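These notes are about the structure you will find just below.
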Amino acid sequence: MNNISAALDQIETCIATGLSHVRRHCDQDGKMNVVLLDSYQQVTSDLAVCTAEIQCARNYLQYADEKGDIEHQLASTFAAETLHNIRQRLARFPGDYGLVNADLDKIDLGVCGDLLSASALEALGRLIVERQGDLGDRGLDEEKILMADTFGQFADDVVKPLAERIHREDLIIPDEILDGVRELGCFGLSVPQQYGGLLPDDKEDNLGMIVVTEELSRGSLGGAGSLITRPEIMARALIAGGTEEQKQHWLPKIAEGRPLCAIAITEPDYGSDVASIKLKATQVDDGWVLNGAKAWSTFAGKSGVLLTLARTDPDPSAGHRGLSLFMVEKPEYDGESFEVSQEGGGRLSGKSIPTLGYRGMHSFNLFFDDFFVPATHMIGEGQGLGKGFYFTMRGFMGGRIQTAARACGVMQAAFDVGLSYAQDRKVFGKAVADYQLTLVKFAKMAMYLGACRQFTYAVGRMMDDGGGQMEASLVKLLACKLSEWTSREAMQIHGGMGYAEETDASRYWLDARVLSIFEGTEETLALKVVGRSLVEQAG
């Protein structure tokens, strides 16, 4: 492992050279020109992905250093593949990254030995089959193992039996799941104990949230895996900016899961560019009147409160400083459309957006027409005016790491069904799992799952210690890409049956596809979040 780590050092030097190369070309009077940076989008994106892969490989090697043979084999193989992939990416056009061939020749790929040979991958895949998919020590303490077992059992007993019907009939999440999640305390995971939740008053527990999210997503991404995200966002926003009266009123309700929460941030013309949103909030006696549209508000129909970002300063030049955050109450609806009419004539309507996968929660387009919201429902009340962007970002802090956890849950589910089917299905006289090509797939699926899971756990621990924001974006970027690949291969292993709606594999693939889109698209993370930060640091 030490030799592979040294090779990772060598290739990381090349990445640093690439980042400095971009920084020099985007420098204008000592500051980075973001317009010029857009001329290097492909290079910046490549370097962001390389950074994610490198950090994931390093973390996996570090984790495996104190574990057994299977963890060591998986981590070493993943690191070897990382080295080969990055070198190949940079070698296509070294000049784009400020490199020459001699720089790349310094990277000693010989340290990988035969780890990536067909025979080595076949042997690793066969070991994975013999172990029935067991990847070794999960790397959790007793408390988190208990959480994983508890929510894993709930996913197996309650969520999975309902998952296929929810997907195929595009149902709203049934009460059996919602009531079970309430009983287990899921909605209180980000609410401090002093307000009736499960979160310790004096520390974060992102790792606990990750473990729960992973297990619920293994049962169903749309039917359970995303249920606790919206309450977490609202709770964090309230903790960051709410008055004490607001916290006392709302946080116990969030912890109880009554009402359910949805988030109304995205607009038809603005997604990741949150600072540019246009939903208008006009001040009136005792409150505000909202006018405009929101899009992709997941679970908005079933929810009783919408955390809504609106523009309270009509001057567009105010940008993110002109936004405030509101808690908009409404009745709960099970259907795919709703309309709320107020006595004063205000109206809020919603219509669900048909989607390929991620069914169960339903995402809505919303339209506010002179819809009144009391002054008491602005987070922070008067002190919160113009601070909605910051409260929103605080709320979203855990969104990306949770999405990485969701990706790991979907990967695990896809890996499980692929392994099971391959052992049962016989083709040309022997089980699909006995063929070399299938075994190589299992080797890669196992190491991708193990690497992303351990990277996600590590970042969760960093966040619990007050850091990890950049790493959360990195692991989200990587885990979502690999979840899509893993679910695709599980579907492929099923052959024709993988394309049938009746098999779980097709649902996992459809669900995995959304992961690189929400909570920051792959492109936005690579360019505007990770890439830009890395280039700035290089300067």
Search the structure for amide H atoms under 5 Å from the amide H of Glu329, placed 1.01 Å from N in the peptide plane, and list their residues when 5 or more places away or on another chain. Leu306
Is it possible to state the helix-based mean residue ellipticity at 222 nm for the chain, with each DSSP H run of 4+ residues giving -39500 (n - 2.57), the sum divided by total residues, to the nearest 500 deg cm²/dmol? What is it? -16500 deg cm²/dmol
Relative contact order (%) - the chain, alpha-carbon pairs under 8 angstrom, separation at least six: 19 percent
Using a simple spin-label model with points 7 Å from Cα along the Cα→Cβ vector, what separation in nm is obtained for Glu143 and Asp114? 4.7 nm
Percent of alpha carbon pairs in the range 1-85 separated by more than 14 Å? 66 percent
To the nearest 0.05, what FRET efficiency results for Leu437 and Lys106 with a Förster distance of 51 Å applied to their C-beta separation? 0.90
Accessible area in square angstrom per residue, the range 127-258, 1.4 angstrom probe: 40 Å²
Each residue of the range 381-398 in turn: what ³J(HN,Hα) in whole Hz from Karplus with 6.51, -1.76, 1.60 and θ = phi - 60°, glycine and Pro shown as x? 6, x, 6, x, 4, x, 10, x, 4, 5, 5, 5, 5, 5, x, 7, 3, x
Which of the aspartates and glutamates could a cross-linker span from Lys253 if the Cα-Cα distance has to be under 16 Å and same-chain partners fewer than 8 positions apart are dropped? Asp179, Glu183, Glu232, Glu244, Glu245, Glu329, Glu332
Rounded to the nearest 20 debye, what is the charge dipole size of the range 117-261 about its Cα centre when +1 sits on each Lys and Arg Cβ and -1 on each Asp and Glu Cβ? 400 debye
Within straight-line cross-link reach of Lys203, aspartates and glutamates at Cα separation under 12 Å, skipping those fewer than 8 residues along the same chain: Asp464, Asp465
State the answer as a single residue: which of Ala80, Gln246, Val100 lies farthest towards the positive end of the charge dipole of the chain, with beta carbon charges of +1 for Lys and Arg and -1 for Asp and Glu, about the Cα centre. Val100
The set of residues whose placed amide H lies less than 5 Å from the amide H of Thr298, leaving out same-chain residues fewer than 5 positions away, is Ile263, Phe364
Modelling each spin label as a point 7 Å along the Cα-to-Cβ direction, I'd like the Phe367/Asp157 distance in nm, to one decimal. 4.6 nm
For Lys294, go through the aspartates and glutamates and keep the ones whose alpha-carbon is under 15 Å away, minus same-chain ones fewer than eight residues off. Glu267, Asp269, Asp273, Glu339, Asp369, Asp370
Rounded to the nearest 20 Debye, what is the dipole magnitude of the chain about its Cα centre when Lys and Arg each give +1 and Asp and Glu each give -1 at the C-beta? 1040 debye
Using alpha carbons only: equivalent-ellipsoid semi-axes of the range 205-299, gyration tensor based, whole Å: 27, 20, 12
Estimated dipole of the range 213-367 in Debye, rounded to 20 [Cβ of Lys and Arg +1, of Asp and Glu -1, Cα centre]: 280 debye
Which residues qualify? For Gly287, with a placed amide H closer than 5 Å and at least 5 residues away or on another chain, they are Ala375
Among Ser220, Leu47, His167 the positive-end extreme of the charge dipole of the chain (Cβ point charges): Leu47
From the cross-link list Lys144/Lys441; Lys441/Lys481; Lys351/Lys528; Lys144/Lys476, which pairs have alpha carbons spaced over 19 Å apart? Lys144/Lys441; Lys351/Lys528; Lys144/Lys476
Pop out the ³J(HN,Hα) list for the range 432-448 in order, Karplus 6.51 cos²θ - 1.76 cosθ + 1.60 with θ = phi - 60°, rounded to Hz; leave Gly and Pro as x. 4, 5, 8, 7, 4, 4, 5, 5, 5, 4, 5, 4, 6, 4, 5, 6, 5
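The values are calculated or read from the model by the stated rules, or taken from the named source; none is laboratory data. Source: prediction; values computed, not measured. In this analysis, Cβ positions are derived from the backbone assuming ideal geometry, glycine residues included, and neighbour counts consider all displayed protein chains. Protein only, heavy atoms only, side chains kept; ligands, DNA and RNA dropped before computing areas. Shrake-Rupley method; radii C 1.70, N 1.55, O 1.52, S 1.80 Å.
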